[in-house]
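A quick write-up on the structure given underneath.
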């Protein structure tokens, strides 16, 4: 073992929280998907941190899994932080492209 801690992204943290809540609710991915009217693969992508759920979908998960207020606050906070970081990254990228275009003119 290298002794280095594995870095877990906020998206992965959110996914792990969703998976933990689902399991505590006694549901597998297929059961949760059926009750929510979505594909099990969507749940897998959300739980794996590969795709972010929309806020309404996150609320659907939390309601189905009957999670505590603390877990709700944590999940919504993680999603908001991820969305803010992505918005900042898009803004930085956009300003970079604008400044390069202005420099080329």
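Bear in mind these aren't lab numbers, they're just calculated from the coordinates by the rules spelled out. Since we're looking at a predicted model, the values are computed, not measured. We place every Cβ from the backbone using ideal geometry, glycine too, and count neighbours over all the protein chains shown.
Along the Cα-to-C-beta direction of residue 84, a point sits 7 Å from the Cα; which residues of the stretch 39-72 have their amide N less than 17 Å from that point? So the set is 55.
Sorting 79-89, 45-55 by their mean Cβ neighbour count within 10 Å, with the most densely packed peptide first, gives 45-55, 79-89. According to the Cα-based calculation, Rg over Rh for the stretch 1-66 is 1.04, with Rh computed by the Kirkwood formula. Estimated from the Cβ-Cβ distance and a Förster radius of 30 angstrom, the FRET efficiency linking residue 69 and residue 31 is about 0.80. Taking a ≥ b ≥ c as the square roots of the eigenvalues of the Cα gyration tensor, an a/c ratio of 1.5 or more together with a/b larger than b/c marks the stretch 10-104 as prolate.
Gain in length, residue 39 to residue 76, computed as 0.36 nm per residue apart minus the alpha-carbon separation, to one decimal in nm?
Working: separation 37, 0.36 × 37 = 13.32 nm, distance 2.20 nm.
Roughly 11.1 nm would be gained on extension.
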